[in-house]
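Notes for the one structure printed next.
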Amino acid sequence: LNCSSCLAQTNSEVKKLSDDERMAWWRDSKFGMFIHWGVYSIPGGERDGKICGGGAEWIMDKLDYTIEEYEKFPAMFNPVKFNADEWVSMAKDAGMKYIVITSKHHDGFSLWDSKVSDYDIMDSSPFKRDVIKELSEACKKQGIIFCFYHSIVDWHHPQAQGNLFPNYNAGQKDQTVVNPEFPKYYENYLKPQVKELLTNYGDIGVVWFDGDWIADYTTEMGKEFYDFIREIQPNTIINNRVDKGRKGMEGMDAEGNFAGDFGTPEQEIPATGIDSDWESCMTMNGSWGYKPSDKKWKSSKRLTQNLIDIVSKGGNFLLNIGPDGLGQFPPESVERLKAMGVWTRENGESIYGASASPYDKPEWGRYTAKDGFIYAHVFDWPEDGKLVINRTIKPRQATLLSDPYTKLKTKLIDGNLTIHLPEKAPNNIATVIKIKLMPND
Ligand code: FHN
């Protein structure tokens, strides 16, 4: 997965890859880190004892800050614990192959040195370090693909939604309210900022848009934006939220001709495989941004089984971290990343570069397929020690992925291939059995 090489050429000499070549590293990677970080990480979803519902990154909107009130946060933003190398190492050790960080979320604050705006970390915060630069360089050093999330929504910019605060609230109020100045924001601010990110920080694996839902933003803009980005970096991948084709939180493509390279179901896993490329993004607790009051953390077992479930259906998993106002990952997140890394180090062969299998989803777990093998991920260990592969296929070689030298006995019972397993499950998250696929299976 030396993905950085497929993006290594400079823009001037870059060979325009075919779509399959361009998507190859992303399809093989399967597992990425989402990072929601910005000045909203300072209040952490709380204002004067009141808790922001949902994601803490929405605090400006949900807890009705005026722009002037909210602008006190950039002046306080001094994340002295931020260490890009450490962040990238934690992602890499977890088995993640790419990182998508919020360059700018809906609040409009930019985490890089923008020449288009002074509402950024260099001009409006005491930190005065280019986070996007430091993180992109750390990714390159460690062979992780650098990507960024960028919000079309901007609650600070007067030609976007900034003219409506403190009354604007995309969550409840009339979203058909548009700013007649928005086309100027799109041409003279949104596009130039994205161009800065695509020009000054090396190869960008994915541009991950968000905020497509607002009425100000049109499908004409979306299609034009997609082409604009591919002109600058032809081999960058762009999600479906660059246009208006997202089917709500389900995140798949609506009928019609919309721009975007992959669907983006959010906080959910589609029930069955989907023929287009897709990536499910999820939080570890209930918030994208740092929210210490939200103690509802998904277990590392649940998160690892989510990864397996998603890959078994042909998708990617983008798992979120919300660092705090000092630049630290929450300890609960660090713990889960470590635990997932233990499993992916032992069983990554069944994940990276794997695809959905031709077999129907079994009751006891999930299948993936790769290079002439089926990988049975056993979540529920059979009490009688007999794993029934719900397919009539001849007995063949089967081994524990974690112990390739111990051949497991297989036989055909009632028309189903049955594998005799050890008494106890070697792995309490998912034990993987590697099964050779034979011709005509
Ligand atoms: O409103 C955002 C939210 O804050 C978060 O960034 C998620 C992540 O995909 N996207 C939007 C909700 O769909």
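The values are calculated or read from the model by the stated rules, or taken from the named source; none is laboratory data. In this text, all values refer to a predicted model and were calculated from it rather than measured experimentally. Don't worry about glycine lacking a Cβ; one is built from the backbone with ideal geometry, like all the others, and counts go over all protein chains shown. Only protein heavy atoms, including side chains, enter the accessible area calculation; ligands, DNA and RNA are left aside. Shrake-Rupley method; radii C 1.70, N 1.55, O 1.52, S 1.80 Å.
5 Å is the cut-off here: which amide hydrogens, built 1.01 Å from N in the peptide plane, fall below it relative to D120, excluding neighbours closer than 5 in sequence?
S110
Which of rounded, prolate or oblate describes region 223-382 when judged by the alpha-carbon gyration tensor and an a/c cut-off of 1.5?
Numbers: a/c = 1.84, a/b = 1.12, b/c = 1.64.
Note, shape of region 223-382 comes out oblate.
Would region 83-215 count as rounded, prolate or oblate if I go by the C-alpha gyration tensor, calling it rounded below 1.5 in a/c and otherwise prolate when a/b exceeds b/c, oblate otherwise?
Numbers: a/c = 2.19, a/b = 1.85, b/c = 1.19.
Cα axes put region 83-215 in the prolate bin.
Return the sequence-ordered ³J(HN,Hα) values of region 186-196 in whole Hz as given by the Karplus equation 6.51 cos²θ - 1.76 cosθ + 1.60 applied to θ = phi - 60°, using x for Gly and Pro.
After applying 6.51 cos²θ - 1.76 cosθ + 1.60, I find 4, 6, 9, 9, 4, 5, x, 5, 5, 5, 4 Hz.
Which residue, P422, P234, P292, tops the fluctuation ranking in a GNM of the chain built on C-alpha contacts under 10 Å?
Evaluated over the chain, the most mobile residue of the options is P422.
Report the residue, chosen from T418, T392, T368, that carries the largest GNM mean-square fluctuation when the chain is represented by alpha-carbon nodes joined by springs under 10 Å.
The residue that fluctuates most here is T392.
Amide H to amide H, which residues 5 or more places from Y367 or on other chains are under 5 Å from it, using H placed in the peptide plane?
Distant-sequence amide H within range of Y367: H377.
So what is the 222 nm mean residue ellipticity for the chain from helices alone, if each DSSP H run of at least 4 adds -39500 (n - 2.57) and you divide by all residues, rounding to the nearest 500 deg cm²/dmol?
So the helix-based figure for the chain works out to -7000 deg cm²/dmol.
Summing +1 for each Lys or Arg and -1 for each Asp or Glu, what net charge is found among the other residues whose Cβ lies under 14 Å from the Cβ of Y217?
Values: positive: K184, K191, K223, R241, K244, R246; negative: D154, E181, E187, D210, D212, D216, E220, E224, D243.
Every neighbour counted, the sum reads -3.
Using modelled amide H (1.01 Å from N, peptide plane; none on Pro or chain starts), what sits under 5 Å from the amide H of E279, excluding residues fewer than 5 places away?
HN-HN under 5 Å from E279: G263, T264, N316.
As a quick test, which of the pairs K97/K313; K16/K115; K338/K424; K386/K407; K361/K394; K370/K434 have an alpha carbon distance above 21 angstrom in this structure?
Table pairs above 21 Å Cα-Cα are K16/K115; K338/K424.
Using θ = phi - 60° and the Karplus form 6.51 cos²θ - 1.76 cosθ + 1.60, what ³J(HN,Hα) does each residue of region 339-348 get, whole Hz, x for Gly and Pro?
For region 339-348, the Karplus curve yields 5, 5, x, 4, 6, 5, 5, 7, 10, x Hz.
So how strong a dipole does region 230-273 carry about its Cα centre when Lys and Arg Cβ are +1 and Asp and Glu Cβ are -1, to the nearest 20 debye?
So the dipole magnitude of region 230-273 works out to roughly 100 debye.
Using the Cα centre of region 294-410 as the reference point, and only Cβ charges (+1 on K/R, -1 on D/E), how large is the resulting charge dipole? Debye, rounded to the nearest 20.
280 debye
Could you work out what % of the accessible surface of region 45-169 is carbon and sulfur, using a 1.4 angstrom probe and leaving DNA, RNA and ligands out of the count?
Ligands and nucleic acids excluded, carbon and sulfur reach 49 percent.
Quick check: with the 1.4 Å probe, what order do E423, E68 take by accessible area, largest first?
E423, E68
Among V131, Q142, V153, whose Cα sits farthest toward the positive end of the charge dipole of region 116-158 (+1 at Cβ of Lys/Arg, -1 at Cβ of Asp/Glu, about the Cα centre)?
Q142
If you bin every alpha carbon distance in the chain into 10 Å steps from zero, what whole percent lands in each bin?
4, 21, 30, 24, 13, 6, 2, 0
Which of the listed residues, N306, G211, F82, is farthest toward the dipole's positive end in the chain, when Lys, Arg count +1 and Asp, Glu count -1 at the beta-carbon?
In the chain, that residue is N306.
Can you list the HN-Hα couplings for region 428-441, worked out from phi with the Karplus curve (6.51, -1.76, 1.60; θ = phi - 60°), rounded to whole Hz and with x for Gly and Pro?
7, 9, 6, 8, 9, 10, 9, 10, 5, 8, 9, x, 6, 5
Work out the length of the dipole vector of the chain about its Cα centre, built from +1 on the beta-carbon of each Lys and Arg and -1 on the beta-carbon of each Asp and Glu, and round it to the nearest 20 debye.
Computed charge dipole of the chain: roughly 1780 debye.
Please give the helix 300-312 orientation as an angle from the longest Cα principal axis of the chain, in degrees from 0 to 90, rounded to the nearest 10.
Long axis of 300-312 versus the principal axis of the chain: about 80 degrees.
Of Y352, T418, L198, which is farthest towards the positive pole of the chain's charge dipole, taken about the Cα centre with +1 and -1 on the beta-carbons of Lys, Arg and Asp, Glu respectively?
T418
Tell me the net charge near S117. Cut-off is 12 Å between Cβ atoms, S117 excluded, with +1 for each Lys or Arg and -1 for each Asp or Glu.
Value of the local net charge: -4.
Tell me the per residue accessible area of the chain using a 1.4 Å probe; a whole number in Å² is fine. Intermediate results must be reported in sequence, preceding the final value.
Working: 17770 Å² over 441 residues.
Result: 40 Å² per residue.
Whenever you get a sec, compute what percent of the accessible area on region 268-361 sits on carbon and sulfur atoms (1.4 Å probe).
Here it works out to 51 percent.
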